[in-house]
1. Specify the residue that is most open to solvent (accessible area, probe 1.4 Å); the eligible residues are those in region 82-109 that are closer than 17 Å to residue 30 by Cα and among the acidic types (Asp, Glu).
2. Filter region 33-55 for residues that are hydroxyl-bearing (Ser, Thr, Tyr) and in contact with a Ser or Thr (Cβ under 9 Å, 6 or more places away or on another chain); which is surrounded by the most Cβ atoms within 10 Å (Cβ to Cβ)?
3. Going residue by residue through region 13-23, is there one that turns out to be free of Cβ contacts under 8 Å to residues at least 24 places away in the same chain, within 23 Å of residue 125 (Cβ to Cβ) and either touching a strand residue (DSSP E or B) at 6+ places or on another chain (Cβ under 6 Å) or surrounded by fewer than 20 Cβ atoms within 10 Å (Cβ to Cβ) (or both)?
4. Does residue 30 satisfy the criteria of being within 10 Å of the chain's Cα centre (by Cα) and open to solvent by 30 Å² or more (accessible area, probe 1.4 Å)?
5. What number of residues in region 66-81 are of a type outside the set (Gly, Ala, Ser), touching a residue at least 12 places away in the same chain (Cβ under 8 Å) and surrounded by fewer than 19 Cβ atoms within 10 Å (Cβ to Cβ)?
6. Within the set of pairs 6 or more residues apart or between chains, which connect a residue that is part of a loop (DSSP other than H, G, I, E, B) inside region 32-53 to a residue that is not β-branched (Val, Ile, Thr) with Cβ atoms less than 6 Å apart?
Amino acid sequence: LSAWFTHFRLLHEETPGLSAAEREMIAVAVSMANGCLYCLVAHGAALRETWSDPVMADRITLDWRRADGLTESQRAICALAEKLTRNPLECAESELDALRAHGLSDEDAWDVVEVAARFNFTNRMALATASFPTPNTTRSRGEPPPPKLGRCGGGVRPGAHTSACRSERLCTLAHGGG
């Protein structure tokens, strides 16, 4: 599990060609395409923190195509992330060329693909374990978590896990309870 979180944190580190907000933008574009409520709530909140305009961040989360104010580069990033999510066999060099045309390097393009692929994986884990948002899901980075009433931190007493948790082990993995 520590390797998973290490990789997750590395993918969210800002680089000169791809900001932290753009990385969260990829997360919400993928999560919306997959219908993953848990990740939409978590990364929608993170996008509001990293984007300079929280209303714009919400617009991106709900439908990046209708979010006026995105740059053409950001639209190309979202389009590739969504295409990789919905129709990966249709992805071609032309999508990478579109990113390059907007000034992204090959390394930046790799990061876009890696972040999108990682969120497809994460969405499927959340969906497979029936993970639902809890008070911990929308907590600001650096903000201490609310007191835990049960292993899932969502007010479930120990031993009374819901279908969202399925078991104490899945609860710990999915919700970070302890």
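1. Taking the candidates together, the pick is 90.
2. The selected residue is 38.
3. yes
4. Working: within 10 Å of the chain's Cα centre (by Cα): yes; open to solvent by 30 Å² or more (accessible area, probe 1.4 Å): no.
Considered against the rule, which asks whether it is within 10 Å of the chain's Cα centre (by Cα) and open to solvent by 30 Å² or more (accessible area, probe 1.4 Å), residue 30 comes out as no.
5. Initial filter on region 66-81 (of a type outside the set (Gly, Ala, Ser)): 66, 68, 70-72, 74-75, 77-78, 80.
Next cut, touching a residue at least 12 places away in the same chain (Cβ under 8 Å) only: 71-72, 74, 77-78, 80.
Next, from what is left, pick out any that are surrounded by fewer than 19 Cβ atoms within 10 Å (Cβ to Cβ): 71-72.
Here the count works out to 2.
6. 36/123; 36/126; 36/127; 51/21; 51/57
The values are calculated or read from the model by the stated rules, or taken from the named source; none is laboratory data. Just so you know, these numbers come straight off a predicted model, no measurement behind them. Positions of Cβ are backbone-derived with ideal geometry, glycine not excepted, and every protein chain shown enters the neighbour counts. Just so you know, the surface numbers come from the protein's heavy atoms only, side chains and all, with ligands and any DNA or RNA stripped out. Shrake-Rupley method; radii C 1.70, N 1.55, O 1.52, S 1.80 Å.
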